[in-house]
1. If we keep just the residues of region 37-69 that are within 12 Å of ARG112 (Cβ to Cβ) and of a type in the set (A, V, I, L, M), which is farthest from the chain's Cα centre (by Cα)?
2. Within region 30-39, track down each residue that is surrounded by fewer than 19 Cβ atoms within 10 Å (Cβ to Cβ) and either modelled with pLDDT of 90 or more or among the acidic types (Asp, Glu) (or both).
3. Picking from PRO57, PRO102, PRO129, which residue would you name as being in contact with a Pro (Cβ under 8 Å, 6 or more places away or on another chain) and either of a type outside the set (S, T, N, Q) or within 14 Å of ILE3 (Cβ to Cβ) (or both)?
4. Give the number of residues within region 1-57 that are assigned to a loop (DSSP other than H, G, I, E, B) and small (Gly, Ala, Ser).
Amino acid sequence: MTITLHRRVKQSCELLQKGTLLFEGQYASVLVEGVAGQIYSPELGRDDFIGYPPGTPQKPVKLAQKSGFRMKSVLDAAVSDAPKVVGLEKASNCPSLEEVLPTAEQDRIEHRHHIQSKLFHPGIDGVSPLRP
């Protein structure tokens with residue numbers, strides 16, 4: 001399913017990237033044009049979301065939401081020339097695409113490493129103890 005990834009890069013700016021929503025069993029991930037590897041919902045910020053075309057069947061939207069992605073219906077015309085950086089307010093002073101792309105990707109990779117390096121303990125952190 002073709003989507004647009006909306007990533008907040010400043011208080012009033014957003015990076016728009018074209019991509020594909022992938023489904024692997026009961027989980028979803030995103031493959032973004034120009035980005036190596038898949039992106040999973042925990043790697044994104046709280047203001048980031050996936051834009052999907054109006055009229056998209058609800059089954060893939062609900063599966064993506066179940067996987068932790070924020071989903072919003074958006075018009076295709078607004079993102080036809082992605083990747084790009086857009087201001088969310090009239091007086092937004094947004095950085096250039098060349099500045100934003102490496103920074104946004106580095107932030108996502110650092111967030112991924114932080115999540116993957118967290119230690120979970122049985123009986124704590126919502127992890128069930130092992131049973132023989």
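The values are calculated or read from the model by the stated rules, or taken from the named source; none is laboratory data. All values reported here derive from a predicted model rather than from experimental measurement. Positions of Cβ are backbone-derived with ideal geometry, glycine not excepted, and every protein chain shown enters the neighbour counts.
1. The extreme case among them is ILE39.
2. Matches in region 30-39: LEU31, GLU33, GLN38.
3. Of PRO57, PRO102, PRO129, the one residue that is in contact with a Pro (Cβ under 8 Å, 6 or more places away or on another chain) and either of a type outside the set (S, T, N, Q) or within 14 Å of ILE3 (Cβ to Cβ) (or both) is PRO129.
4. Counting residues in region 1-57 that are assigned to a loop (DSSP other than H, G, I, E, B) and small (Gly, Ala, Ser) gives 7.
Yes/no per residue for (1) surrounded by 11 or more Cβ atoms within 10 Å (Cβ to Cβ); (2) assigned to a loop (DSSP other than H, G, I, E, B); (3) free of Cβ contacts under 8 Å to residues at least 12 places away in the same chain:
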position	(1), (2), (3)
ASP81	no, yes, yes
VAL85	yes, no, no
PRO95	yes, yes, no
THR103	yes, no, no
GLN106	no, no, yes
HIS111	yes, no, no
LEU119	no, yes, yes
ILE124	no, yes, yes
LEU130	no, yes, yes
